[in-house]
């Protein structure tokens, strides 16, 4: 998160903020994942990659996700960002 940027809390706010993107068919994209990286202590896992729309290059973009290990040992999304 960054000061002055938008943030959405909960399913309904996230869905509303990304309404146009949610309507896209994921079969129209080719996703290129990069290998996951893990911090030495295993607390964080970072996934990233890019996606290309098969017929509209204006919809190409990238994504990154950071997962944090919880007290129960399971990983939860800590940060999720993409750009299209």
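The values are calculated or read from the model by the stated rules, or taken from the named source; none is laboratory data. Quantities reported herein were computed from a predicted structural model and do not represent experimental measurements. Note that we place each Cβ from the backbone using ideal geometry, even for glycine, and neighbour counts take in every protein chain shown.
Numbers at a glance
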| read-out | value |
| --- | --- |
| Residues within the stretch 40-84 that are touching a strand residue (DSSP E or B) at 6+ places or on another chain (Cβ under 8 Å), farther than 25 Å from residue 9 by Cβ and exposed (fewer than 13 other Cβ atoms within 10 Å of the Cβ), tallied | 2 |
| Residue in the stretch 46-64 that is under 15 Å from the mean Cα position of the chain (by Cα), over 20 Å from residue 83 (Cα atoms) and part of a strand (DSSP E or B) present | no |
| Pair list, Cβ under 9 Å, 6 or more apart: the stretch 35-49 residue over 11 Å from residue 67 (Cα atoms), other residue not in a strand (DSSP E or B) | 48/34; 48/36; 49/34 |
| Exclusive hit being more than 15 Å from the chain's Cα centre (by Cα) and at pLDDT below 85, set 71, 43, 20 | 20 |
| Members of the stretch 23-40 that are at pLDDT below 80 and not in a loop (DSSP other than H, G, I, E, B) | 26 |
| Odd one out for residue 21 among (1) surrounded by 13 or more Cβ atoms within 10 Å (Cβ to Cβ); (2) in contact (Cβ under 8 Å) with a residue 60 or more places away in the chain | (1) |
